[in-house]
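Every read-out reported here was derived from the displayed coordinates using simple, explicitly stated rules and does not represent laboratory data. Note that the structure is a prediction, hence the values are computed from the model and not measured. Here Cβ is always computed from backbone atoms with ideal geometry, including for glycine, and neighbour counts include all displayed protein chains.
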């Protein structure tokens, strides 16, 4: 198993060094660090860490909570690592979706156990990633964010709320990589994420405002999947 890759967002160099040393001793892989939101967003997009540790107080106009809100939009996992526990900060944190909240000062053992628990909970939610090759680049996409896949000759379209990808593989090839707990074939040309289905009609289902065809042979399977999800 590959070690968990972690990115650190912290504006105190000494604390960055302490965190990095602790993580490396515990077998984690540290991809880098930043002391401000702008640099962090750029690096996270490029390095694609498994998990990001975010201090709330950072250099610049934006703080760690602003970064967290951006990562929430991309459905990327992170843990807050901070000494700020005042009511105002906690109130703002409630608007974000962290995997955990580690209070400084921390111990090496406490850091490891919190990361392990946070990652275990994250994986248990079936939020696994899939690598998509599109426009000459590899994209790491959270399967939970995928709405549906559509066949296009020997290619395949992958639709997410924020971006669509044209992948140089057949729908059959891509479907073999999907998490079958949340995806189901609705038609010979479509695989759909059941968590995004809003309604089912006679010969189509609706994801938000997008109608997707559903074949008669697959309808009972789709309905059964919806009831069990």
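What is the range 129-228's relative contact order, in percent, from Cα pairs under 8 angstrom and six or more apart in sequence? Working shown, then result.
Details: 168 pairs, mean separation 19.0, N = 100.
In percent, rounded to a whole number, it is 19.
Both the radius of gyration and Dmax for the range 1-61 are 11.2, 39 Å, in that order, over alpha-carbon atoms. Between the range 175-229 and the range 75-152, the alpha-carbon centres lie 27 Å apart. The packing ranking of peptides 198-209, 64-75, 47-58, 107-118, highest mean first, is 47-58, 64-75, 107-118, 198-209, where packing means the average number of other beta carbon atoms within 10 angstrom of each residue.
Hydrodynamic radius of the range 126-185 by the Kirkwood approach over all distinct alpha-carbon pairs: 11.5 Å.
Using Cα atoms only, what is the angle between the long axis of helix 13-25 and the major principal axis of the chain, expressed in degrees (0 to 90) to the nearest 10? That works out to roughly 60 degrees.
Just the ratio, please: alpha-carbon radius of gyration of the range 85-160 over 2.2 N^0.38 Å, N its number of residues.
Working: Rg = 18.3 Å, N = 76, 2.2 N^0.38 = 11.4 Å.
For the range 85-160, the normalised Cα radius of gyration comes out at 1.61.
Just from its helices, what would the mean residue ellipticity at 222 nm be for the chain, if runs of 4 or more DSSP H residues each count -39500 (n - 2.57) and the sum is divided by every residue, rounded to the nearest 500 deg cm²/dmol? Before the final figure, lay out the partial values.
Numbers: 7 runs with 76 residues, N = 229.
When only DSSP H runs of four or more count, the value is -10000 deg cm²/dmol.
When peptides 189-197, 82-90 are ranked by their average number of other Cβ atoms within 10 Å per residue, the highest-first order is 189-197, 82-90. Principal axis extents of the Cα atoms in the range 1-126, from largest to smallest and rounded to whole angstrom, are 37, 35, 29.
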